[in-house]
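Participant: After the structure tokens below, expect a handful of questions from me.
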Amino acid sequence: MSATITNTFTHTPTITITSTSIAWAGSGSVFYPNPAKIGNPAYFRIEADTAAEVVVMIYNAAGERVAEVKADCESGMAQVALNTAGFSAGIYYYRISIDGRSQKIKKMVLLK
């Protein structure tokens, strides 16, 4: 499954979503590597107990939403690959919602 981020700002990075039904033993969601280098792929790992709609929203340090992706994920672990090439170096925040419930708001860092 793949999706494209619709962006109202200056870039449109591509996100590829892959999912499996294998449960991931983790804390719910993770962005890695963190910090990530611009131009190299970075990933979100998302764990859901059942099949769910997952929304990942990315905000810049000023709190402006710069990217969003929606995906239908199977139960277990879903991995979302983020192409960082369209982003500027800096601190970003991401919010992951599963079936409309906000799960995590965490910081991610992108380096040149």
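Participant: Return the total of residues in the stretch 42-80 being in contact with a Ser or Thr (Cβ under 7 Å, 6 or more places away or on another chain) and under 18 Å from Ile91 (Cα atoms).
Facilitator: Qualifying residue count, the stretch 42-80: 2.
Participant: Within the stretch 30-58, which residues are touching a residue at least 12 places away in the same chain (Cβ under 8 Å) and not in a strand (DSSP E or B)?
Facilitator: Passing the criteria: Asn34, Pro35, Ile38, Gly39, Asn40, Asp49, Thr50, Ala51.
Participant: Being among the hydrophobic types (A, V, I, L, M, F, W, C) and either touching an Asp or Glu at 6+ places or on another chain (Cβ under 7 Å) or outside any strand (DSSP E or B) (or both) is the filter here, so list the residues in the stretch 68-98 that pass it.
Facilitator: Across the stretch 68-98, the qualifying residues are Met77, Ala85, Phe87, Ala89.
Participant: Just checking, which of Thr14, Thr50, Thr20, Thr4 is over 13 Å from the mean Cα position of the chain (by Cα), modelled with pLDDT under 80 and not hydrophobic (A, V, I, L, M, F, W, C)?
Facilitator: Of Thr14, Thr50, Thr20, Thr4, the one residue that is over 13 Å from the mean Cα position of the chain (by Cα), modelled with pLDDT under 80 and not hydrophobic (A, V, I, L, M, F, W, C) is Thr20.
The values are calculated or read from the model by the stated rules, or taken from the named source; none is laboratory data. Since we're looking at a predicted model, the values are computed, not measured. Neighbour counts run over all protein chains shown; Cβ positions are idealised from the backbone, glycine included.
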